[in-house]
Amino acid sequence: EALSLTQKALELAEKLGIPEILAECYNNLGILSGKAGEIEKTIRYYEKGLKIAVENNCIKSALRLYNNLAVSYWWMGEFQKAFENSQKGSELAKKVGDVSNISMFGFDLAAMYAVMGEIQKALSMLEELLALDKRIKNTVNVATVMANFGLVYQFLGEWDKSLQYGTEALDIAKKIGEYQTYGAVTSRLGELFMEMEDYTEAEKYFKESN
């Protein structure tokens, strides 16, 4: 039923020639196709929507579609295409000063750099995000960035730095009542202590995360 309604909305938007609605209809068709497991169709819809959004300067739709394409390509294992869409989305977000999307694409790019083994680029991206979030006083994101620093340093085997950033993220999350971040970081610190073979501390953090 949702698919049928979206297709009808698309037909109407095509008749009326409203690019914002057209782009969003293709985005919605992409989402519905993705839920049905039709990933190639999902990509086609997103690409069509993005083309319309970019050509008609529909910024919000374009940012949403860049992100959805990046996620879809990543899921398909096409990491370069995922990276390219996140990078274009990041550039557009910076151009229009959309702080929320600058952060979102920044996190995605940092994660991609880390997975691709470009650790210094991942750390540089996180430094950039941390400076932005501190400047605009986005405390929730500050905690998330700190947690991500901890993850990267854990991956590098630099346990002292990982613990430092993880503890700081935990303190901020607890202070502002961001319990989802608090739980995730607590669990990760448990894993870190397991790697450090400090099983008493690991057990303490695992218990606290539940």
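If the reach is capped at under 22 angstrom between alpha carbons, list the lysines near LYS88, excluding any in the same chain fewer than eight residues apart.
Within reach: LYS41, LYS48, LYS51, LYS60, LYS121.
Quantify, in whole percent, the carbon and sulfur part of the accessible surface of the chain (1.4 Å probe; protein heavy atoms only).
Looking at the chain in its full context, I get 53 percent from C and S.
Rounded, prolate or oblate: which fits region 94-182, taking a ≥ b ≥ c as square roots of the Cα gyration tensor eigenvalues, rounded meaning a/c under 1.5, else prolate when a/b beats b/c?
Oblate, since a/c reaches 1.5 and b/c is not below a/b.
What number in nm² do you get for region 1-83 if you take the convex hull of its Cα atoms and divide its surface by four?
5.0
Which of the lysines could a cross-linker span from LYS134 if the Cα-Cα distance has to be under 19 Å and same-chain partners fewer than 8 positions apart are dropped?
Those lysines meeting the cut-off are LYS94, LYS174, LYS175.
Just to check, using Stokes-Einstein with a Kirkwood Rh over alpha carbon pairs, what's the diffusion coefficient of the chain at 4 °C and 1.567 mPa s in µm²/s?
Translational diffusion coefficient: 69 µm²/s.
If we sort 133-143, 44-54 on the protection proxy, mean other Cβ atoms within 10 Å, highest first, what's the order?
Highest to lowest by the protection proxy: 44-54, 133-143.
The values are calculated or read from the model by the stated rules, or taken from the named source; none is laboratory data. Since this is a predicted model, take the numbers as computed values, not measurements. Quick reminder, even Gly has a Cβ in these numbers, built from the backbone with ideal geometry, and neighbours come from all protein chains shown. For the accessible areas, the whole protein counts, side chains as well, though only heavy atoms, and no ligand, DNA or RNA atoms are used. Shrake-Rupley method; radii C 1.70, N 1.55, O 1.52, S 1.80 Å.
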